[in-house]
Amino acid sequence: MERHAYVTLVTNADYAMGAVALLRSLKLTGTSADIVVMHTGGVEARALQPLAALGARLLEAELLPTSAAFNERHQRARLHADAPFTKGNKPAFHTPLDNFAKLRLWQLTEYERVVFIDADAIVIRNIDRLFAYPEFSAAPNVYESLADFHRLNSGVFVARPSQETFTAMVEKLDRPGAFWRRTDQTFLQEFFPDWHGLPVFFNMLQYVWFNLPELWDWRSVSVVHFQYEKPWEKDHPKAEALRPLIDLWRAYHDGADIPDPALLPNPGDDA
Ligand code: UDP
Ligand code: MN
């Protein structure tokens, strides 16, 4: 038996809601890999219960033992002031420091390979072949222009758990003065400078829908990732422009029938 797992992270009830849609979507792909939800103690049992009911393995994971100075530099208001988000808005329930807890997946050494997926994503078709990809594989952070190809997006990636790697990461992460402006994403790009690029379709960022519509093709999109505003936020500023994606997320979340993805209209199509 291959030791493979999809892993996500939830540190509050909002991201647990996101994970419900993610887990439903993963199960519909017919994967036989484990589905692991790492959660902090701050998530109430009521929010975790639906995840357990969907068959996920729930693992409690503490935030990393970073220093007070590190936590101060990455505290939400401070990070937003020092490295402002100019392209979109982060929801009020997003705590930048919590992102670093993703690194705990390197401690899941019972698995030979894991595919991490953000709790704000849905998987449209089977992606089990990612377990055959090497560490560290991630898709580029493409949602606006060609220059985006220089950076990875840490919402979907392939990793090989290893206590040794985890220790090396924690040691590099919290050096004096270290500031990771896009948290785990900036850190992982620096830790794995030779990262392997996955096709963008393994991590299609929602803004591609309106910024680069010619890149969107439902016949190849495997993962839709709702970076910035979340589909369960009430009436966010981009909700109208993203309506078809939000409706699809809602169908996964609610357990409604899912249309054949290959038949969904692409952004350029006439309705
Ligand atoms: N996350 C979390 N609680 C937080 C912030 C982040 O559980 O307060 C987890 C969750 O899995 C989330 C991921 O870390 O999907 C990364 O954050 P987010 O997806 O909001 O970042 P974005 O994709 O907008 O850059
Ligand atoms: Mn995300």
Check: Let a ≥ b ≥ c be the square roots of the eigenvalues of the Cα gyration tensor of segment 30-70; is it rounded (a/c under 1.5), or, if not, prolate (a/b larger than b/c) or oblate?
Finding: oblate
Check: By the gyration tensor of its Cα atoms, with a ≥ b ≥ c the square roots of the eigenvalues, what is the shape of the chain: rounded for a/c under 1.5, prolate for a/b over b/c, or oblate?
Finding: rounded
Next item on the list: Starting from the Cα of Asp269, step 7 Å along the direction of its Cβ; do the same at Arg76; then give the gap between the two resulting points in nm.
Entry: 3.8 nm
Next item on the list: Mind putting together the pair-distance distribution for segment 184-271? All Cα pairs, 10 Å bins, whole percent per bin, short to long.
Entry: 15, 44, 29, 11, 1
Next item on the list: Quote to one decimal, in nm, the extra length available between His196 and Ser67 on full extension: 0.36 nm per residue of separation minus the C-alpha distance between them.
Entry: 43.4 nm
Note to self: Around Pro65, under 12 Å between beta carbons, what's the net of Lys plus Arg minus Asp minus Glu among the other residues?
What the structure shows: -2
Check: For the charge dipole of the chain, defined by +1 on Lys and Arg C-beta atoms and -1 on Asp and Glu C-beta atoms about the Cα centroid, which residue among Thr183, Pro134, Pro265 has the Cα displaced farthest towards the positive pole?
Finding: Thr183
Next item on the list: Under a 10 Å cutoff between Cα atoms, tell me which one of Ala21, Ala56, Ala69 has the largest fluctuation in the Gaussian network model of the chain.
Entry: Ala69
Next item on the list: Collect residues whose amide H, placed 1.01 Å from N in the peptide plane, falls under 5 Å from the amide H of Val7; neighbours closer than 5 in sequence don't count.
Entry: Val36, Val115, Phe116, Ile117
Next item on the list: Could you provide, to the nearest whole Å², the per residue accessible area of segment 123-271 with probe 1.4 Å?
Entry: 46 Å²
Notebook entry, point to check: Restricting attention to segment 31-129, which GluC sites (Glu not before Pro) occupy a DSSP loop and are surrounded by at most 13 other Cβ atoms within 10 Å?
Noted result: Glu44, Glu62, Glu110, Glu112
Check: With the Cα gyration tensor of segment 129-192 giving a ≥ b ≥ c as the square roots of its eigenvalues, does the rule (a/c under 1.5 for rounded; else a/b larger than b/c for prolate; else oblate) give rounded, prolate or oblate?
Finding: oblate
Note to self: Could you compute Rg(Cα) / (2.2 N^0.38 Å) for segment 124-271, with N its residue count?
What the structure shows: 1.16
Check: Sorted by mean Cβ packing within 10 Å, highest first, what order do the peptides 160-170, 213-223 take?
Finding: 213-223, 160-170
Checklist line | DSSP-defined beta bridges in the chain - what % are antiparallel, rounded to 5 | finding: 35 percent
Notebook entry, point to check: Residues of segment 30-87: accessible area per residue at 1.4 Å, in Å²?
Noted result: 53 Å²
Check: Expressed as a whole percentage, what fraction of the accessible surface of the chain belongs to carbon and sulfur atoms when a 1.4 Å probe is rolled over the protein heavy atoms?
Finding: 51 percent
Notebook entry, point to check: Using alpha-carbon pairs under 8 Å, 6+ residues apart, how would you state the relative contact order of the chain in percent?
Noted result: 21 percent
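The values are calculated or read from the model by the stated rules, or taken from the named source; none is laboratory data. No experiment lies behind these values; they were computed from the predicted model shown. All Cβ positions, glycine included, derive from the backbone under ideal geometry; neighbour counts span all protein chains shown. Ligands, DNA and RNA are stripped out before the accessible areas are found, and what is left, the full protein with its side chains, is counted by its heavy atoms. Shrake-Rupley method; radii C 1.70, N 1.55, O 1.52, S 1.80 Å.
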